[in-house]
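Q: Have a look at this one.
Nothing in this text is a laboratory measurement; each read-out follows from the coordinates by a stated rule. Just so it is clear, the structure is predicted and the values come from calculations on it, not from any experiment. Cβ placement follows ideal geometry from the backbone for every residue including glycine, while neighbour counts extend to all protein chains displayed.
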């Protein structure tokens, strides 16, 4: 039963039993070769086992089978984790195009496009500004998007992050710290970035992508 193998593989990955997960995902795909979620999860297992080429192959298959916003975003996240910023930016841009227009997650996809492209030195400010303007919203993370297009300062982002209830303010500060830290790294300011990334690790809930990304980034720094 492919679903049984897939479910057990997901449980193995949560416990960092990556080899066991990979074995079950191989079985899943053998039984159901068009299972896109299995390819994405197997990419995660291969990445966990430090097999980036195998993970890349799995993502290429997944994109070919289902070129959706979610698949492109997962692919881009993998590329960002390995420091392939230009490729990540391209896939985040594809994810943003395919995302539901009014999805509350779409602003974050655009934000990750900006982060990746900024690190790669390929950020198209004109197109990015047009995409952000088309969102037509003022809610969080709008202040960070404005920061990346040069329409807000660090102090303004910090004030906006704090202008909510205590838990929301903490969560927003953790995100602001991470994305501003990334902005500093893109400008070759690792000394300014490091305390912001460390704060993100300390503040962010452990299920936030910014928590995981800050940990990855800190490992990259000397």
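Q: So what are region 106-222's ellipsoid semi-axes, whole angstrom, largest first, if each one is the square root of 5 times an eigenvalue of the alpha-carbon gyration tensor?
A: Over the Cα atoms of region 106-222, the semi-axes work out to 20, 18, 12 Å.
Q: OK, next. At a Förster distance of 41 Å, what's the computed FRET efficiency of residue 198 paired with residue 136, Cβ-Cβ distance as r, to 0.05?
A: On the way: r = 35 Å, r/R0 = 0.85.
It comes out at approximately 0.70.
Q: Between 0 and 90 degrees, rounded to the nearest ten: what's the tilt of helix 2-14 against the longest Cα principal axis of the chain?
A: Orientation of helix 2-14: about 50 degrees from the principal axis.
Q: On to the next question. How large is the helix-only mean residue ellipticity at 222 nm for the chain, computed as the sum of -39500 (n - 2.57) over DSSP H runs with n ≥ 4, divided by its residue count, in deg cm²/dmol to the nearest 500?
A: -24000 deg cm²/dmol, from helical runs alone.
Q: Running Debye on the chain with equal point scatterers at the Cα sites and no solvent, what base-10 log of I(q)/I(0) appears at q = 0.11, 0.12, 0.15 Å⁻¹?
A: Evaluating at q = 0.11, 0.12, 0.15 Å⁻¹ gives log10 I(q)/I(0) of -0.58, -0.68, -1.02.
Q: Another question about this same structure. Angle between the Cα long axis of helix 125-135 and the longest principal axis of the chain, 0 to 90 degrees, nearest 10?
A: Between helix and principal axis, roughly 80 degrees.
Q: What's the exposure ranking of 20, 175, going from fewest to most Cβ atoms within 10 Å?
A: 20, 175
Q: What is the distance in Å between the Cα centres of region 39-92 and region 176-222?
A: If you average the Cα positions of each part, the centres end up 21 Å apart.
Q: So how compact is region 43-104: Cα radius of gyration and Dmax in angstrom?
A: Cα radius of gyration and Dmax of region 43-104 are 11.6, 37 Å respectively.
Q: How long are the three semi-axes of the equivalent ellipsoid of region 22-139, in whole Å, if each is the root of 5 times an eigenvalue of the C-alpha gyration tensor, listed from largest down? It would help to have the intermediate numbers written out before the result.
A: Details: eigenvalues 165, 51, 19 Å².
With the √(5λ) rule applied to region 22-139, the semi-axes are 29, 16, 10 Å.
Q: Once a ≥ b ≥ c are taken as the square roots of the eigenvalues of the Cα gyration tensor of region 1-66, is the result rounded (a/c under 1.5), prolate (a/b larger than b/c) or oblate (a/b not larger than b/c)? Mind showing how you got there, number by number?
A: Working: a/c = 2.05, a/b = 1.07, b/c = 1.91.
Oblate shape, in that a/c is at least 1.5 and b/c is the bigger or equal ratio.
Q: Here is a follow-up. What ranking do 75-83, 156-164, 35-43 get when scored by the average of other Cβ atoms within 10 Å per residue, highest first? Please report the intermediate quantities before stating the final value.
A: On the way: 75-83: 20.8, 156-164: 16.6, 35-43: 22.9.
Ranking, from highest mean packing down: 35-43, 75-83, 156-164.
Q: Cut-off is 10 Å between beta-carbons; in what order do 10, 220, 106 appear when sorted fewest neighbours first?
A: Starting with the residue having the fewest Cβ neighbours, the order is 220, 10, 106.
Q: Could you please rank 110, 135, placing first whichever residue has the fewest other Cβ atoms within 10 Å of its Cβ?
A: 135, 110
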